[in-house]
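The values are calculated or read from the model by the stated rules, or taken from the named source; none is laboratory data. None of these values were measured; they are calculated from a predicted model. All Cβ positions, glycine included, derive from the backbone under ideal geometry; neighbour counts span all protein chains shown.
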Amino acid sequence: MALQETLKNIVLVGSGALPVVGDVVATTDPVLLSPKVATGSLNAIGSGALANNSGYVDPQNITAEFNINLALRSPVSLGVAPESSKLLKLAGLVETLTAGVTSVYKLGGITADGTGQVQVYNDGFTRLVTGASANLKISGKIGEPIKVEFSVKGVTMASASAVANPAVTLNTGNEIIMTKADTFVVNGVTLSVMDFELDLAGTLERSYTTGTNGFYISNFAPKLSITAIKTKITDEAAWTDLAAGGNKVITITCGPVGNQMLLNIPYAFASDLSENDDKGRVSMKRAFNCENGGVANSNVTITLK
């Protein structure tokens, strides 16, 4: 008896078109789909009998929710689209490429339903997810690769089709590692950071009417959290900043130029702050709302260079 294996897993991602083998992404966890079929129940009274229920199914209303987890990789060459390019577009980011220099991503990309398509192959079977949109989280921990998580919602089919896994070549870009050489600067003050997470907090809505079937992003509420070791005197000002309100400029630089991720947040509003013991040192967990200061789509800029 042949048992199906989870690790024979291939994921292709398209934005605005059916993905092809060149759109493969190197995932860190298997992507397995669990479709949900829309069903209901109708109680027909009037026959003089109780429990006269009958079920029904909407065959066009089959959805899937799943995560695609990657280690963030640099583009093969500066200024070209990275491996995660189309997933970033599914998450509502617009891409600007400057050949030989940078790949830049900001809010305001494609958010209409029907634009994202994800083809998942698993050990000789495949499902296609259409009308897909995603939320993005970027996280880092000192001494580890930067991680990206795309939480995807889309429309699919109930049963997988028997199709052989295609032959693909994975991206050769390097992983971006968070190290002690990286810098985290909040309003001119450099922090000694242990970990961070940026969550775009995109709101994924369903469009399901005649002629439409998919998900779109209706809004964002980007948030950043940072855990750092407290420096005496210097970092005490964080409490004053929290009480005073106002926006701070935050820049996060991970990796050297050529294999670097840069996050720019020009209007970070401090929303929470706590202190904890970390093996005899004080750690500070700080949370910020990433605002735009009245400048559309300026909340967060992600630059690969």
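With the condition kept exactly as written, say whether any residue in segment 104-112 is free of Cβ contacts under 8 Å to residues at least 40 places away in the same chain, of a type in the set (A, V, I, L, M, F, W, C) and surrounded by 11 or more Cβ atoms within 10 Å (Cβ to Cβ). Give the steps one after another, and end with the answer.
Here is the first cut: in segment 104-112, the ones free of Cβ contacts under 8 Å to residues at least 40 places away in the same chain are 109.
Now narrow it down to the ones that are of a type in the set (A, V, I, L, M, F, W, C): none.
Scanning segment 104-112 turns up no residue that is free of Cβ contacts under 8 Å to residues at least 40 places away in the same chain, of a type in the set (A, V, I, L, M, F, W, C) and surrounded by 11 or more Cβ atoms within 10 Å (Cβ to Cβ).
When every residue of segment 117-128 is checked against the conditions, none turns out to be surrounded by fewer than 21 Cβ atoms within 10 Å (Cβ to Cβ), among the acidic types (Asp, Glu) and within 24 Å of Ser298 (Cβ to Cβ).
Would it be correct to say that Phe150 is of a type in the set (A, V, I, L, M, F, W, C), touching a residue at least 12 places away in the same chain (Cβ under 8 Å), closer than 26 Å to Ala71 by Cβ and in contact with a Gly (Cβ under 7 Å, 6 or more places away or on another chain)?
Answer is no for this residue.
Annotation for segment 234-247: no member residue is surrounded by fewer than 18 Cβ atoms within 10 Å (Cβ to Cβ) and within 30 Å of Asn174 (Cβ to Cβ). The single condition among (1) in a loop (DSSP other than H, G, I, E, B); (2) crowded, with 19+ Cβ neighbours inside 10 Å that Val193 does not satisfy is (1).
Annotation: of all residues in segment 19-65 being surrounded by 12 or more Cβ atoms within 10 Å (Cβ to Cβ) and more than 23 Å from Phe215 (Cβ to Cβ), the one that is modelled with the lowest pLDDT is Asn52. If the condition is being farther than 16 Å from Asn9 by Cβ and touching a residue at least 60 places away in the same chain (Cβ under 8 Å), then segment 157-166 contributes Met157, Ala158. Please report, ordered by residue number, the strands (runs of 3 or more DSSP E) entirely within segment 241-298 with at least 1 residues that are of a type in the set (Phe, Trp, Tyr) and more than 19 Å from the chain's Cα centre (by Cα). Correct list: 261-278. Inclusion of Glu275 among residues that are touching a residue at least 24 places away in the same chain (Cβ under 8 Å), more than 18 Å from Leu88 (Cα to Cα) and charged (D, E, K, R) is warranted. The residue list Ile10, Ile68 contains one member that is closer than 30 Å to Tyr105 by Cα and touching a helix residue (DSSP H, G or I) at 6+ places or on another chain (Cβ under 7 Å), which is Ile68.
Does any residue of segment 142-150 turn out to be surrounded by fewer than 17 Cβ atoms within 10 Å (Cβ to Cβ), out of contact with any Lys or Arg (no Cβ under 6 Å at 6 or more places or on another chain), modelled with pLDDT under 95 and at negative phi? Within segment 142-150, none of the residues are surrounded by fewer than 17 Cβ atoms within 10 Å (Cβ to Cβ), out of contact with any Lys or Arg (no Cβ under 6 Å at 6 or more places or on another chain), modelled with pLDDT under 95 and at negative phi. Among what's in segment 171-186 and is in a loop (DSSP other than H, G, I, E, B) and polar (S, T, N, Q), pick the residue that is nearest to Glu144 (Cα to Cα). Residue satisfying both the conditions and the ranking: Thr179.
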